[in-house]
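Below: one structure, written as structure tokens.
No lab work stands behind these numbers, since they all come straight from the coordinates. Note that the coordinates shown come from a computational prediction; the quantities given were computed from them, not determined experimentally. All Cβ positions, glycine included, derive from the backbone under ideal geometry; neighbour counts span all protein chains shown.
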Amino acid sequence: MARIIAISNQKGGVGKTTTTINLAASLAASQQRVLLVDLDPQGNATMGCGIDKAEVEHSVYDVLVDKMPISQAKRFSEAAEMDILASNADVTAAEVELLSVDDKEKRLYNALMAVNNDYDFVIIDCPPSLNMLTLNGLVAADGVIIPMQCEYYALEGLSALLQTIEQIRDVINPRLAIEGVIRTMYDPRMSLTTDVSAQLTEHFGSLVYRTVIPRNVRLAEAPSYGLPALKYDRLSKGAVAYMAMARELLRRREKQQAA
Ligand code: ADP
Ligand code: MG
């Protein structure tokens, strides 16, 4: 059975998409069967895996609105060596169209249940808001990974996300756990970074990944070549950090499964 993980934080620019692409590609490089689901109409995760969002035949729109099976809508990313359920601007319409259908917040969950045995991990890139698309992601997920940039306003708005997670758990998806918090764009030379980092650890304890993702220009460059960092510059600090995060996630998974 696949472990379904949503990468979510309603703040934009905190590294959700970068984490989605590079964590997913690192898991795939670790012999895991991976499906990336791009729920953001901006299609940045799609493009970052070398798939032209303007030319995708099927997208997550078809799955959410028309109940197209994922087996039919997905495609293979050569660059990331994993399956992708792509997104593009069409998906903006899904958000509105979903409001008037049955099971509107369970469409992604239902679709994923049909391919659950084909993957070890499903990694979902959520848009930077708590809309119907994000709701579909969180209802489908077993766990949420929250990327956090250790800056002054990082904790602001976090309580809204935590409240939403709790509500979803209470009302519709009791499986939903906080899988982890990953510190992104980390710069230990800034004292603010270490302050906020300490606050995170105080709040989330061992849920904070030991791995930190440094600020690294290769991570920002790689998507413009349609490549995950490990294919663009395998030895770059960014690529190495996401491989370490994948290993840490796999170790935690083994422990969870043994418990
Ligand atoms: P989100 O999906 O949360 O909006 P992104 O992953 O798109 O955030 O990241 C926002 C911007 O910051 C992008 O331009 C991305 O390339 C850049 N970025 C993300 N993580 C890093 C990092 N660790 N080092 C350098 N640049 C980064
Ligand atoms: Mg994004």
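Descriptive notes on the structure:
- Stokes-Einstein diffusion of region 4-119 at 20 °C, 1.002 mPa s viscosity, Kirkwood radius from Cα pairs, rounded to a whole number: 149 µm²/s.
- Amide H contacts of R3 (H built 1.01 Å from N, under 5 Å, at least 5 apart or other chain): F121, V122
- Distances between placed amide hydrogens fall under 5 Å for E179 paired with V144, I145, all partners being 5 or more residues away or on another chain.
- Two-decimal log10 I(q)/I(0) for region 91-180, as the Debye equation yields it once each C-alpha is a single scatterer, q = 0.15, 0.19 Å⁻¹: -0.62, -0.96
- Contact order relative to length of the chain, as percent, for alpha carbon pairs under 8 angstrom and 6 or more apart: 26
- In Hz, Karplus ³J(HN,Hα) per residue of region 52-64 (6.51, -1.76, 1.60; θ = phi - 60°; x = Gly, Pro): 6, 5, 6, 10, 6, 6, 10, 9, 4, 4, 4, 5, 6
- Across region 241-259, the residues whose backbone nitrogen lies under 14 Å from the label position 7 Å along the beta-carbon direction of R234 are 243.
- Across region 92-107, computed HN-Hα scalar couplings (Karplus, 6.51 cos²θ - 1.76 cosθ + 1.60, θ = phi - 60°) run 4, 5, 4, 4, 7, 5, 5, 4, 10, 10, 6, 6, 4, 8, 10, 4 Hz from first to last residue, x flagging Gly and Pro.
- Helices meeting the span-like rule in the chain (full DSSP H runs, Cα extent of at least 18 Å along the helix axis, mean Kyte-Doolittle score of 0.0 or higher): 16-29, 158-171.
- Here the Karplus relation 6.51 cos²θ - 1.76 cosθ + 1.60, evaluated at θ = phi - 60°, turns the backbone of region 70-84 into coupling constants of 4, 4, 8, 8, 6, 9, 9, 8, 5, 5, 9, 6, 7, 7, 10 Hz, with x for every Gly and Pro.
- Residues with amide H under 5 Å from that of T211, placed H, sequence gap 5 or more: none
- Dipole in debye (nearest 20) - the chain, about Cα centre, beta carbon charges: Lys, Arg +1; Asp, Glu -1: 960
- Share, in percent, of DSSP beta bridges within the chain that are antiparallel, nearest 5: 10
- Calculated mean residue ellipticity at 222 nm for the chain: -12500 deg cm²/dmol, from DSSP H runs with n ≥ 4 weighted as -39500 (n - 2.57), summed, divided by the residue count and rounded to 500.
- Taken over the Cα atoms of region 3-258, the convex hull encloses 115 Å³ per residue.
- Taking Cβ atoms as reference points and 11 Å as the exclusive limit, the residues near A229 contribute a net charge of +2, counting Lys and Arg as +1 and Asp and Glu as -1.
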